[in-house]
Amino acid sequence: MNPVIPAPRAAVLAGLGGWVPERVVTNDELAARLDTSDGWIRTRTGIGSRRVADPADATSDLAVRAGAAALDHSGAGQADTVLLATVTPDHPCPATAPDVADRLGLSGAAAFDIGAVCAGFVYALATATGLIAAGAADRVLVIGADTYSRIVGPEDRGNLAIFGDGAGAVVLRAGDPDEPGALAAFDLGSDGSGRELITVPAGGSRRPVTGPGADVHFAMRGREVYRHAVTRLTESARASLDAAGLLPSEVDRFVPHQANLRILRSVADDLGVPADRLVTNLHEIGNTGAASVPLALADAAAHGELTAGETVLLNAFGGGLAWGSCLLRWPKLPSSPRPYPRRSTT
Ligand code: UT7
């Protein structure tokens, strides 16, 4: 008997959505209580404001809203698997994804969290692609959600300036590798020797939280991370393009993790992707961690800035260190709701 070899199944983009908290914290508001200024933050990062979650909301609440928007946009309103990329889960245990699935009416779905910090969403896309290829899933809701406002210290002017809260999501369905929307040419990598560069020191098994004074706040060695970010984002994007046999000049829209505008411009420049193809929204909502790539996609799609047939490059980097990239041809999708009203263009 000849074995039956099934046709390869790709993960195809079928819907997207995003959600950010209403509360806007401007640079001036930060400068009113910390030793910083609008000028410093804009010049060094490109960020003008960020969103901060309501005290009553946890990461799951943001994830449920973004997930609902993506499910709705996908038409079918359902998924058999829910992946949540986050570094700010509701609790250390259990994972947050099953709770999110349950509240989205998807109880029974496979659901788990993915911890790859700011690269988490691209790692989750790759995981969903693998599950679909293996026949273990047919329709996957992939969410990136983070509430950095809960882990950054109240006096940390550097990280308070950069990070914001938010959630973005996509629905991936099983489809054909040749059809528009099929995710392809993944590149993933990590370098654990950089483990100390981005960290929450206490609260895990190495340094449990044992009482007052435990260092539970997020810490980042910004300047070193900056250098790694530029190198790794550029190398990873190049690896994806090589795998797809594409030149940087053939990228129509470049959607990197929204780390810092200077990093993004430098990566686009090093790659040779023209600056006007860079999709960025960090002037509005800052760096939203695992949510930043899907939120940038949802924002751009809702404003008609992603057109069917365009080659789109996704690219992310963060703590671990971990990074990843992939490519897709933008599919024809129904118009999608705006994840937030735009306040400004710069
Ligand atoms: O999302 C995960 C990946 N994350 C990233 O990719 C972030 C990468 N790093 C960065 O984006 C940048 O390193 C930062 C935005 C974090 C910092 O910008 P920088 O240009 O690298 O500044 P720096 O850390 O070298 O600091 C320059 C100066 C320092 O003062 P001195 O030592 O020169 O006197 C800082 O203390 O700026 C000071 N500084 C600030 N000043 C005003 C740091 N934060 C602030 C602030 N306001 N918010």
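The numbers here are math on the coordinates, done by the rules we state, and not lab data. Predicted model, so just to flag it, every value in this text is computed and none were measured. FYI the Cβ positions are ideal-geometry reconstructions off the backbone, even for glycines, and counts take in every protein chain you see.
Work out the length of the dipole vector of the chain about its Cα centre, built from +1 on the beta-carbon of each Lys and Arg and -1 on the beta-carbon of each Asp and Glu, and round it to the nearest 20 debye.
So the magnitude is around 360 debye.
Computed over the Cα atoms of segment 210-298, what is the ratio Rg over Rh, Rh following Kirkwood?
Result for segment 210-298 is an Rg/Rh of 1.07.
Gain in length, residue 176 to residue 56, computed as 0.36 nm per residue apart minus the alpha-carbon separation, to one decimal in nm?
Taking 0.36 nm per residue and subtracting the Cα distance, the gain is 39.0 nm.
For segment 97-126 and segment 259-338, what is the centre-to-centre distance using only Cα atoms, to the nearest Å?
20 Å
Please list, in chain and number order, the residues 5+ apart from residue 85 or on another chain whose amide H is under 5 Å from its amide H, with Hs placed from the backbone.
Placed amide hydrogens put 114, 143, 144, 145 under 5 Å from residue 85.
Enumerate the calculated ³J(HN,Hα) couplings along segment 45-60 in order (Karplus 6.51 cos²θ - 1.76 cosθ + 1.60, θ = phi - 60°), each rounded to whole Hz, writing x wherever the residue is Gly or Pro.
10, x, 8, x, 7, 9, 10, 10, 5, 4, x, 7, 9, 9, 3, 4
Restricting to Cα atoms and excluding each atom paired with itself, what does the Kirkwood estimate give for the chain in Å?
After inverting the pairwise mean of 1/r, the radius is 19.9 Å.
Rank by packing, highest mean first: peptides 150-157, 45-52, with packing defined as the count of other Cβ atoms within 10 Å averaged across residues.
Those peptides, ordered most packed to least, come out 45-52, 150-157.
I need the phi-derived Karplus couplings for segment 24-37: 6.51 cos²θ - 1.76 cosθ + 1.60, θ = phi - 60°, integer Hz, Gly and Pro marked x.
Per residue, the Karplus-derived 3J(HN,Hα) values read 9, 10, 7, 4, 4, 5, 5, 5, 6, 10, 10, 7, 8, 8 Hz.
What whole-number value in cubic angstrom gives the convex hull volume per residue for the C-alpha atoms of segment 1-112?
With only Cα atoms used, segment 1-112 gives 189 Å³ per residue.
Just flag the GluC sites (Glu not before Pro) in segment 248-346 sitting in loop per DSSP whose Cβ has no more than 16 other Cβ atoms within 10 Å.
305, 310
Which distance in nm do the two modelled labels at residue 269 and residue 221 give, with both placed 7 Å along the Cα-to-Cβ direction?
2.5 nm
DSSP beta bridges in the chain, what fraction antiparallel, as a percent rounded to 5?
Within the chain, antiparallel bridges account for around 70 percent of the total.
Under 5 Å between amide H atoms, partner at least 5 residues away or on a different chain: which partners does residue 15 have, H built in plane at 1.01 Å?
Close amide H contacts, sequence-distant or interchain: 171.
Of 335, 177, 296, which is farthest on the positive side of the dipole of the chain, counting Cα position, with +1 on Lys and Arg Cβ, -1 on Asp and Glu Cβ, and the Cα centre as origin?
It is 296.
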